Every structure is written in structure tokens, then in C-alpha cells.
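Asks: Supplied in C-alpha cells, the structure appears directly below.
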Amino acid sequence: MDRIYLDHGSATPVDPRVLAFAQRYLVEDVGNPSSLHSDGLGTKQAVEDARERLAALINADEKGKLIFTSGATEANNLAVRGTAIRNMGKGKAVVASAIEHISVLNPMKDLAKHGFELALAPVDGRGLIDLGALEGLLTDATVVTSVMYANNEIGTIEPIKEVSTIVHEKGRYLHVDATATAGRIPIDVQRDGIDLLTLSGNAMGGPPGAGALYVAPGVKLQTVLPGGGQEQGLRSGTENVFAIAGMGEAARLARDEMAKESNRLQGVRDALVKGILAIEDSHLTGHPERRLPHHASFRFGRIEGESILLSMDMYGIAMATGSACTSRTLEASHVLLAIGLKHEQAHGSMVLTLGRSNTMAQVPAVVDAARGTVERLRNLSPL
């Protein structure tokens, strides 16, 4: 049986059409975008074309900025640290939801070591942010609040427009990590009142090595990577034209095909959910309706997530347990703890994220492998 890849949330295969479009910037058009000769001007145009395509995907304000980075982690750091440091004269407090990615939480914790106040807004058992609690945490001193568009571990989509209203009434700037979301459901930064938005190229089917941060008009940032002044002085370093051009093409394809592809994947996801929830003591994590169309996540009683992953791998199925960025720590997921699970419950998770290679025909094999995995591991478990 061919391997089944269900870990698109960790790494998405590069779309062959994206590779065909962007590979010229590896071997043919290789000028530095900062150079003034024809080769440099050609690659600079490729970067600007990609910027326009990303802006169209999120309906960016034409007066705002779209800064390319090396990936979502750097974009999150630029958003959190850059905004906090540049605006510290207006206040020294930052707020995040309790289920943010560690590339948001860790920069905020680092700021807290240097005089900033950090507060975490709780979520309910399905992962939705507590809007009342968020409002209570915000003050005039809160310079940046970070709430992800949708959670990468449990798939829950947050009420970003409502969050934005509260943040702008009580605090200052709203940062939204849309790594798991862009290309899956429509994003409109102007409609939702988003000041800063993080994007990942690879999460959309582009090459690894490119991310972007949207910055709304009027938002001031301090660079966290000073150097030659590329990307409007906010992200120095020679641009990775291949990855950036690929990210732009992936954004164009996502915009054109999002509705059809997301509807297709939602059908596959729903079939997986139905089949896997038939397994004894299995539970869906995240919101049953307000969730990403390609995302299914579960927990199983009396077994460990790492064992589930390794067993499914032996069946020829790639999946995740929690976030790929934290799975090597062997600690319980902070996301699952935040939604109220006990440590032993938070260890037995399975995260399935779908992509273009996944079809309804694969569902029976995945469900059978999950059932066999759970039964075998429970027979071995001292629990």
C-alpha cells in the first residue's frame, strides 16, 4: 500500500505547479534583488509580484506593508517583539491566548523577563477564546495582543472580528497568526480589523524558507534583524527569491482553488471523524463545527501519543501528535492542557491534517489503522 501523508500541518509538499513556476530562480534568474542591473531588477520584480499575490489573498490594505521573512516563526517574532519594543513608550504589557504557538508564547515570555507584563487569555473546552476574560486582561498599557486565527493542534477557528473589536477598544494592536489558516478559509484583514498577520509559504504548498508578516497602516515596528535594510528596513538579509516567488504562486493558486478544495477536504475529514470516533474511548478535540476544513484531531484514553504516531507510521500513515515544534519535548501539549484535559489525557492525541494527495478512498485504511493501533497499544498499556 502507498504511504498516506496526513501531516500537512507540519510540512506541506510543494505543489508541482509552484515548483515549475519558481525553479527558474534557482538556476536561471539568480540576480540579487538589491542589485541595480537587469538580473537584479528581474528578481526584484518577482518579489514584488509575490507580495501582490499575498496581499490579494488576505485583502491587505494597499497602504500597509507585507514583509517577507524566513518563515512563520520569524514573522511571529517580528510581530510580537517588534511591536512591543517599538511601542514600549505607550505601555509594557502583552496578551496572548493560552493556545498560541510557541513561536508567539516564547517571545512574549522573553519580553516578560525584560520588564513587560504577560497575561494569557483562557479558552473553553473546545478551544474558543473567552472574550470576557480577554477584555478583562486588556489595559491601555497592552501594546500587542496575539490570538491565532485557527489552532494548528485542534483546528478551532477563533472569532477574530470580535477579538479585534475588544482589542481596539481596550488595548492597542492585534496580531493574528494565520499559519494554519491561510489558503484554507478566506481571510480579510481589513474586514476583521487585523493589525499584524503571520503567513507561512510552506503551509500553503510553497517551498520551505519563506514567511510573511502583514503590517497595517500606522503600526510601527522595531526590526529584530538589523542589517542591509531589505524589506523596508524591517527584515534585513538577501531575499530568498525562489521561496518567495513560490509562496506568491501558492497564494495565487490557493485564492483560485480554495473554495473547491476546502469543500472536498471537508468531506474526507468528516468521514475520518465519523470512522475514528467509532473507536471505544475516542474523543474529538477542538470545536466540532468551527474548525478548519482539512483538520481532524482526537484523543484516546489509556495510551500515549508518541506510541500512536510510531504505530501509525508502521501502517504507512504519517500523522502528528501535538505540534511538530514541541513533539520532541515529550511534554503534554499546552493546547490540550489549556482546553481542560488532564496530563494523562493530553498525552494520547492524534492530529490529522489533509492536503491535495488525500482522498475519500484512503479513509477506510486510515480508520482501520487507527483502530488496530489503539487496540494493540491498550493491550500493552499498564493503564
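Asks: Can you give the FRET efficiency to the nearest 0.05 for residue 281 and residue 343, using r as the Cβ-Cβ distance and R₀ = 22 Å?
Replies: It comes out at approximately 0.85.
Asks: Using a Förster distance of 51 Å, how high is the FRET efficiency between residue 27 and residue 86, based on the Cβ-Cβ distance and rounded to 0.05?
Replies: Efficiency computed from Cβ-Cβ geometry: 0.85.
Asks: Report, to the nearest 10°, how far helix 241-276 tilts away from the longest principal axis of the Cα atoms in the chain, using its own Cα long axis and a range of 0 to 90°.
Replies: 20 degrees
Asks: Right, next: Apply the Karplus parameterisation 6.51 cos²θ - 1.76 cosθ + 1.60, with θ equal to phi minus 60°, to every residue of segment 139-156 and state each ³J(HN,Hα) to the nearest whole Hz, in sequence, with x for glycine and proline.
Replies: 9, 4, 7, 7, 8, 9, 10, 10, 9, 5, 5, 8, 7, 6, 8, 10, x, 5
Asks: Under the rule of at least 5 residues apart or a separate chain, name every residue whose amide H is placed under 5 Å from the amide H of residue 229.
Replies: Here 236, 237 satisfy the definition.
Asks: Then there is this: For segment 84-192, what is the relative contact order in percent, using Cα pairs closer than 8 Å and at least 6 residues apart in sequence?
Replies: The normalised contact order for segment 84-192 reaches 27 percent.
Asks: In deg cm²/dmol and to the nearest 500, what is the mean residue ellipticity at 222 nm of the chain if only DSSP H runs of at least 4 residues count, each as -39500 (n - 2.57), divided by the residue total?
Replies: -11500 deg cm²/dmol
Asks: Just checking my list [x] -0.73; [y] -0.52; [z] -0.46 against log10 I(q)/I(0) by the Debye sum over Cα atoms at q = 0.09 Å⁻¹ computed from this structure; which label fits?
Replies: So the calculated entry is the one marked [y].
Asks: Say each of residue 48 and residue 270 gets a label point 7 Å from the Cα, pointing the same way as Cα to Cβ; how far apart are those two points in nm?
Replies: Here the answer is 4.6 nm between the modelled labels.
Asks: Sort 178-191, 72-85, 279-292 by the packing proxy (mean of other Cβ within 10 Å over each peptide's residues), most packed first.
Replies: 72-85, 178-191, 279-292
Asks: Sequence gap at least 6, Cα distance under 8 Å: using those rules, report the relative contact order of the chain to the nearest whole percent.
Replies: 23 percent
Asks: Let me ask something else. Test of understanding: extend the Cα→C-beta vector of residue 360 to 7 Å, then name every residue of segment 305-322 with backbone N under 12 Å from that spot.
Replies: none
Asks: Describe numerically, in nm with one decimal, the distance between label points set 7 Å from Cα along Cα→Cβ at residue 289 and at residue 20.
Replies: Roughly 4.1 nm, to one decimal.
Asks: Another question about this same structure. Working from Cα positions, state the angle (0 to 90°, nearest 10) between the long axis of helix 160-170 and the longest principal axis of the chain.
Replies: For helix 160-170, the angle is close to 50 degrees.
Asks: Still on this structure, please answer the following. Could you sort out which of 260/342; 274/342; 65/113 sit more than 32 Å apart by Cα distance in this structure?
Replies: Listed pairs above 32 Å: 260/342.
Asks: Tilt of helix 102-112 relative to the longest C-alpha principal axis of the chain, in degrees (0 to 90, nearest 10)?
Replies: Compared with the principal axis, the helix lies near 60 degrees.
Asks: Compute the length gained on full extension between residue 109 and residue 169: take 0.36 nm times their separation in residues and subtract their Cα-Cα distance, giving the result in nm to one decimal.
Replies: 19.1 nm
Asks: Additional query: Which value in nm describes the separation of the simple spin-label points at residue 161 and residue 59, placed 7 Å from the Cα toward the beta carbon?
Replies: 0.9 nm
The numbers here are math on the coordinates, done by the rules we state, and not lab data. Computed from a prediction, not measured in an experiment: that's the story for all the values here. In this analysis, Cβ positions are derived from the backbone assuming ideal geometry, glycine residues included, and neighbour counts consider all displayed protein chains.
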